[in-house]
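A short reminder: the numbers here are calculations on the coordinates, not readings from a lab. What you see is a predicted model, and the numbers here were worked out from it, not measured in a lab. All Cβ positions, even for glycine, are placed from backbone atoms using ideal geometry, and neighbour counts span all protein chains on display.
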Amino acid sequence: MADRDSGAEGLSRLAGEAGAGLGRRLGPGRGDATALTLLTPAHWRDYELVDSGDGAKLERFGPYLFARPEPQALWRPLLPVGAWEGADATFRAGGDEESGRWVYRRPIEQRWPMAYGDLRFWAQATPFRHLGVFPEQASHWDWTGELIGAAGGAPRVLNLFGYTGLASLAAAAAGAAVTHVDASKKAIAWARENQSLSGLEERPIRWIVDDALKFVRREARRGARYDGLILDPPKFGRGPQGEVWKLEESLGALLADCRAVLAERPLFVVLTAYAIRASALSLSHLLRETMAGWGGVVTAGEMTLAERSGGRQLSTAIFAAWSATASA
Ligand SMILES: C[S@@+](CC[C@H](N)C(=O)[O-])C[C@H]1O[C@@H](n2cnc3c(N)ncnc32)[C@H](O)[C@@H]1O
């Protein structure tokens, strides 16, 4: 697994559960239900977490600097106020988690190209405070890409809640035949533009506007099978027909249905969740339950970004990942 358990600083294993003893570091027990892993992408050039603190993060997306709210950043920023004031745009939060607006200090392009390795994609400041890419997800792109490449052939990968398509493109670039599902036509259109920008038009990707749960159930009835599953469900969402998605209520059912679309010998399942009250251990237990009977290994923990100013790791999401074999 790229960037996982490599022993490098910053990729720490968090000890502390039963039997581990206070502060004791657990050994390399990949798949050990009592150990959590931090995943930190190490290959970004176009993205950088510049500084963090006082409930905010200062980030560079390509040529532009953005300041956004970040509830995890309980500490103090290390850079002077002037650095933060140099942001091209700052997101001023509204009353709830998603609302608010961008305040621009200078005009920026409506959208601009960014790269991660050979992937190319459009970034854009959206009214929902996102910019079309979740940079911490790069750890998963690398990992799934390695597993797909190592498997050879054209493994079938299903990407649910696929957003602007970067996980799908990374999988397709590695040789997978991808089915990408998202409820939003706009997100799918953006993902297709990213496919063109990446020069991956010839790669087999099915772009599907549908409700994730309905789609999986339909695929199960049709007898479709996948070698890899990527799930990045939001805390709350809606399908194209207004179907309500509430992660805490719907995730168990979705994963139970996912069992029915898994190949006899699947390669991987990777699940990420943002801004929920559950721990990574909850995702881990759920995924172990889902994958019962397939053997393999579950790794779980936090997705983080390493800050340039002080090297602190900012946790942005939790994940659980299953793979048929421990190494990748
Ligand atoms: C932004 S991504 C996930 C990113 C990140 N995990 C987060 O929570 O902010 C969520 C994607 O799920 C899609 N989505 C929401 N509800 C859905 C549903 N019921 N079926 C399929 N896609 C859905 C949205 O259109 C969006 O593109």
Only one of (1) within 16 Å of Asp182 (Cβ to Cβ); (2) surrounded by fewer than 20 Cβ atoms within 10 Å (Cβ to Cβ) is not met by Lys246, so which one is it? (1)
Go through the stretch 79-121 and give me each residue that's farther than 15 Å from Ser52 by Cα and in contact with a Gly (Cβ under 6 Å, 6 or more places away or on another chain). Arg92, Ala93, Gly94, Gly100, Trp112, Met114
